[in-house]
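Quick notes on the structure that follows.
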DNA sequence: CTATTTCGTCATGGCGGTTTACAAATTAGT
DNA sequence: ACTAATTTGTAAACCGCCATGACGAAATAG
């Protein structure tokens with residue numbers, strides 16, 4: 001008890017899951033999956049030493065996971081070390097897959113990721129969704145999902161879940177889009193509009209982008225702020241390796257943090273919100289450009305060409321971002337701020353002013369700022385991976401369903417039994 | 001796996017504690033303690049149904065806790081219900097106690113709280129600590145602690161830990177005061193200066209205030225922002241019933257959130273920080289009052305008397321708070337904002353402007369703002385209770401020590417055995 | 001070619017919660 | 001009053017899960 005005083009209390013005073021042997025088993029199955037997934041092919045002995053169980057215990061856990069098709073035995077390792085070589089275990093490349101989808105203002109995208117994290121199928125369709133009503137968009141998305149699922153099936157994968165990234169605020173129920181200004185959707189339950197055969201989850205694209213950064217980024221601290229901008233400006237707040245969602249699920253609305261309290265009016269009712277300075281519309285206006293297609297790319301090329309108006313606009317946007325982020329950093333004390341989404345492409349011209357502002361307003365050493373390697377791919381990957389993580393987090397739950405699925409393929413079963 | 005997708009992952013990919021049967025036992029002991037603590041006297045059967053274990057299992061858990069002196073059997077209940085009445089269990093009023101301490105600018109305070117949450121001993125000393133070096137202050141505090149421990153001992157309590165609330169930034173090690181502007185302390189390891197016989201923990205007073213609100217406040221949401229101001233302005237960020245501490249432990253530095261980016265310079269290097277508008281010094285200056293003793297009380301009485309200068313100053317401070325909180329609310333989406341510490345006394349004159357600002361800048365319904373019932377008592381109570389919570393969180397750890405302690409009292413043991 | 005090291009597995013055991021059964025203590029109904 | 005029904009707490013048998021210790025297997029070191 002000396003060390004972690006007053007943390008999020010583990011037991012919980014209210015109603016919580018009973019801590020029984022079955023739960024223990026499930027958690028240990030999850031620990032094996034996570035360890036193998038994170039640290040590549042590993043022998044049973046190596047897993048055992050990593051998670052603190054005995055080899056014997058790990059053996060039984062691994063047996064169960066192999067029987068469920070979640071783990072694979074690659075065969076004996078060949079290390080130059082003394083002693084009998086272990087048998088390498090790897091996460092299965094067949095079996096459950098995570099289906100990620102993204103609804104953008106001007107495109108739909110779907111991909112399938114296997115447990116190893118590899119993208120095994122994908123489909124993109126460009127279409128103008130702005131202002132279109134949800135039904136046709138979701139119908140189109142559903143068709144794309146079915147197509148990707150079919151592709152994945154051909155490779156021996158079955159969908160373990162569907163996660164959809166949306167450019168807007170999503171309620172904590174993981175289904176309802178409360179407000180998506182760029183699509184002009186309000187209080188829409190996407191759950192009913194998505195393929196019924198898959199358990200769907202909907203979340204903000206900034207959140208999925210942040211999760212992608214957490215799981216796939218090159219530097220992966222467990223506490224950071226992932227800022228992403230498409231038309232609005234959102235942020236994913238990652239605390240201790242988990243997403244901070246807020247009571248209603250609206251956490252991370254960086255775009256409406258006041259930057260200059262008497263600044264221009266904002267659609268949210270406030271004045272001088274960050275979005276008025278660093279939002280896409282505002283930057284385009286300041287740069288003297290018309291709205292249109294691929295405006296971010298245009299900004300980047302103009303800035304690279306030395307267009308002073310564009311550079312000035314991006315400088316000012318960086319300053320505003322720096323001011324807003326100073327507040328966020330003071331409040332959250334993150335290890336890192338990551339610029340993702342459209343911002344990553346404009347980072348070279350945003351960063352100087354942003355970092356200067358942050359440094360100027362910070363007493364000690366300023367919070368480091370980095371640029372996401374994932375760029376605009378983040379949300380889609382994060383969505384797909386969130387399903388994969390859910391499988392790793394509770395392999396036992398999936399194993400049951402895997403059993404049904406595999407049972408369906410009588411031939412395979414018969415072959416295995418022979 | 002349907003429900004909680006991508007939460008803070010339970011298993012952890014890295015090295016984590018092995019999930020063994022002993023751990024299970026410890027967690028279940030904790031669950032019993034929490035349940036009894038939270039829901040008053042309860043029979044074994046009632047506890048069993050609450051935590052989802054069987055009556056038999058709970059019986060053995062309770063036996064162990066009673067043997068350790070953490071739980072007490074009050075005797076048969078007398079409900080008008082059919083069936084054999086249960087035997088009421090309650091948290092013990094003897095045994096381990098939490099010692100809380102507070103280092104203020106002009107006072108020291110210590111109290112002892114038993115497992116039931118009752119204050120059983122306390123001591124306060126008024127003294128000017130501003131600018132005094134840590135050694136004599138801590139020596140004086142140690143004397144107070146010893147006095148309170150002696151008082152508690154006379155009531156059959158032994159100290160399970162010491163938690164110290166400090167007006168400043170504390171590192172995540174829970175010992176080092178990194179910066180306490182109002183005391184003029186820097187990078188001071190209080191651990192070495194506190195009584196060695198007790199495991200000490202040091203934390204920010206805003207954090208302890210927030211925890212007090214979480215555990216003792218009348219409305220107790222699990223996600224809220226607790227704002228407290230003494231001379232600086234700090235906030236405790238409570239997320240899902242736990243404190244958000246940040247990488248370095250500096251989270252919640254609301255005082256240096258930029259409110260007007262071109263405002264007056266601040267000691268932090270920035271400009272227009274909240275502290276420049278709502279900090280004690282700034283408010284006093286705006287109200288035309290000199291710094292002195294109990295300035296907050298003076299502000300309150302003047303405001304109550306209708307002093308326009310004071311009212312105007314508080315109004316402006318409320319506006320600034322509203323602007324800064326708009327940012328925080330957008331970022332965190334808390335269920336509630338609580339004004340604590342010195343702010344609670346000035347709330348009547350701060351709230352109107354604060355709430356107006358918050359409402360104006362929020363699109364939907366604004367985040368509700370409430371005033372802490374605990375007021376300036378918060379940090380001290382939070383500190384003491386944090387020790388109590390640590391005991392509830394891992395009763396097994398304490399039970400061992402309790403054994404030693406009780407073993408020291410040969411007389412009691414002999415009496416019990418007879 | 002033997003000694004050593006490491007891996008995976010098996011048999012045994014301890015520990016923890018569950019199941020089942022039962023006695024105790026109370027209320028409801030006749 | 002007296003019986004039936006209900007609920008509580010405990011004890012005994014049981015099952016599941018991991019630890020322990022021993023063993024054969026498969027590599028390296030000398």
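Cut-off is 10 Å between beta-carbons; in what order do A:64, B:213 appear when sorted fewest neighbours first? List each step's numbers first, then the result.
Numbers: A:64 17, B:213 28.
If I rank by nearby Cβ atoms, fewest first, I get A:64, B:213.
Note: the protein assembly as shown, Cα convex hull, 206 Å³ per residue. Taking every DSSP beta bridge that has both ends in chain B, the antiparallel portion is near 65%. Taking Cα atoms only, the orientation of helix B:378-393 departs from the longest principal axis of chain B by about 30 degrees. Computed on the range A:119-175, the Cα convex hull volume stands at 105 Å³ per residue. Each stretch of four or more DSSP H residues adds -39500 (n - 2.57); spread over every residue of chain A, this sum gives -13500 deg cm²/dmol at 222 nm. Angle, helix B:55-67 long axis vs. longest principal axis of chain B, Cα atoms, 0 to 90°, nearest 10? Roughly 80 degrees, rounded to the nearest 10. The overall shape of the range B:218-373 is prolate: from the C-alpha gyration tensor, with semi-axes ordered a ≥ b ≥ c, the ratio a/c is 1.5 or greater and a/b exceeds b/c. Counting neighbouring Cβ atoms within 10 Å and putting the fewest first, the residues A:24, B:33 line up as A:24, B:33.
Sorted ascending by nearby beta carbons within 10 Å, beginning with the fewest, B:60, A:176 become B:60, A:176.
Modelled spin labels at residue B:74 and residue B:24, positioned 7 Å past Cα toward Cβ, are 3.2 nm from each other. Axis of helix A:21-38 versus longest Cα principal axis of chain A: the two differ by about 70°, to the nearest ten degrees. Mean partner shielding of peptide A:235-245, defined as the number of other chain Cβ atoms within 10 Å of each residue Cβ, is 5.
The modelled label-to-label distance between residue A:240 and residue B:359, using points 7 Å beyond Cα along the C-beta direction, is 3.6 nm. Per-residue shielding of B:295-301, expressed as the average number of other chain Cβ atoms within 10 Å of the residue Cβ, stands at 0.
For the peptides B:159-166, A:277-284, the ranking by mean Cβ contacts within 10 Å, running from highest to lowest, is B:159-166, A:277-284. Considering only beta bridges that DSSP places wholly inside the protein assembly as shown, some 65 percent are antiparallel. Modelled label positions at residue B:265 and residue B:135, each set 7 Å beyond Cα in the direction of Cβ, lie 3.5 nm from each other.
Across the residues of B:249-259, average count of Cβ atoms on other protein chains within 10 Å?
Working: counts 1, 7, 8, 4, 7, 3, 1, 8, 11, 14, 4.
Mean number of neighbouring Cβ atoms from other chains: 6.
The same position residue A:400 in the other copies lies at 3.8 nm from this copy, comparing label points 7 Å beyond Cα toward the beta-carbon, shortest first.
Among rounded, prolate and oblate, which fits the range A:150-276 when a ≥ b ≥ c are the square roots of the eigenvalues of its C-alpha gyration tensor, a/c under 1.5 means rounded, and a/b larger than b/c means prolate?
On the way: a/c = 2.51, a/b = 1.52, b/c = 1.66.
The shape class here is oblate.
Each principal axis of the Cα atoms in chain A has its own extent, and those three values, largest first, are 72, 55, 50 angstrom. Here the translational diffusion coefficient of the range A:21-91 follows from Stokes-Einstein with Rh set to the Kirkwood radius across Cα pairs; for 37 °C and 0.692 mPa s it amounts to 270 µm²/s. Among B:393, B:262, B:189, which one shows the biggest mean-square fluctuation in a GNM of chain B, springs joining Cα atoms closer than 10 Å? Taking springs between Cα atoms under 10 Å, the residue moving most is B:262.
In terms of packing, defined here as the mean over residues of other Cβ atoms within 10 angstrom, the peptides B:239-252, A:328-341 line up highest first as A:328-341, B:239-252. Here residue B:40 yields copy-to-copy label distances, from shortest upward, of 6.1 nm, the label point defined as 7 Å from Cα along Cα to C-beta.
Readers should treat all values here as calculations from the given coordinates under stated rules, not as data from a laboratory. These figures come from a predicted structure and were not determined experimentally. Quick reminder, even Gly has a Cβ in these numbers, built from the backbone with ideal geometry, and neighbours come from all protein chains shown.
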